[in-house]
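Each remark here refers to the structure printed beneath this line.
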Amino acid sequence: MFIDGENLVCRYQSMLQKGFVPQPGIYHQPDVYVWHQNVTVPRGHEIIRAYYYTSIVADDVKVNQAIDDLKEFEVRVDRQDLAGLYRTHTHKLYPEVFKKPKKSNKAKVVDIQMTVDILTHVYQDNLDTVCLFSGDGDYKAVIAEVIRRGKQIYIGALSDGFSPTLKQLADVVIDLDSMFIDLNKSPARI
């Protein structure tokens, strides 16, 4: 699982500015991270690791605090046991936090490192499915390569800024709006 935290927090903050209301249970440090206590991936998958990539303009103390915060967050997956029952398992996030030199929307190091990590795992045949949390169309070429290598691609994104090309390439689309946004108290979806 590869989470573009910069994209996620940027899209989330954009939705809040448009009047959307967050779900209860959101963890949010502006411009650094956003997560929800009940993020769940589709049934039947084993999560090896859930990498969360982000960057921050800060000193080492604040970078380390962001890492410590992210290490406490979890992703859930329902797996079938030997009796055929589904049980929820949780996995802690594995943070990859980079310093960025100045205030900007994104640091290229996040996109580059995610691309390297995704392709490394694909080429080493460490996984069957790539679960990417990002709606950023810049990942089109990476996703195309994942597909060429015979892997499934699950894409989770908020509707705000979700690239139509990524939606088309995904084997499964995971709706993050319902996990992060209270749709009953928010304007119509984008």
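Every number in this text was worked out from the coordinates using simple rules, so none of it is lab data. For clarity, every value in this text was computed on a predicted model and none was experimentally measured. Backbone-built Cβ (ideal geometry, glycine too); neighbour counts: all protein chains shown.
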| query | P(r) tail for segment 134-183, what percent of Cα pairs lie past 14 Å? | reply | 48
| message | Using Cβ contacts closer than 10 Å as the measure, can you line up Leu8, Leu16, Leu183, Leu176 from fewest to most? | response | Leu183, Leu16, Leu176, Leu8
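Per-residue counts of other Cβ atoms within 10 Å, averaged by peptide: what ranking do you get for 21-29, 62-70, 90-98, highest first?
The peptides rank, most packed first, as 90-98, 62-70, 21-29.
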| If you count the DSSP beta bridges with both ends in segment 1-78, what percent of them are antiparallel, to the nearest 5? | 45
| When DSSP beta bridges are limited to those with both residues in the chain, what percentage is antiparallel, rounded to the nearest 5? | 35
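Given the Cα-Cα distance of His28 and Asp125 and 0.36 nm per residue of separation, how much length would full extension add, in nm?
Extra length from His28 to Asp125 when fully extended: 31.5 nm.
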| field | Set of aspartates and glutamates with alpha-carbon distance to Lys62 below 17 Å, sequence-local pairs under 8 removed | value | Glu6, Asp31, Glu72, Glu96
| query | Mind checking the dipole of the chain: about its Cα centre, +1 per Lys or Arg Cβ, -1 per Asp or Glu Cβ, Debye to the nearest 20? | reply | 320
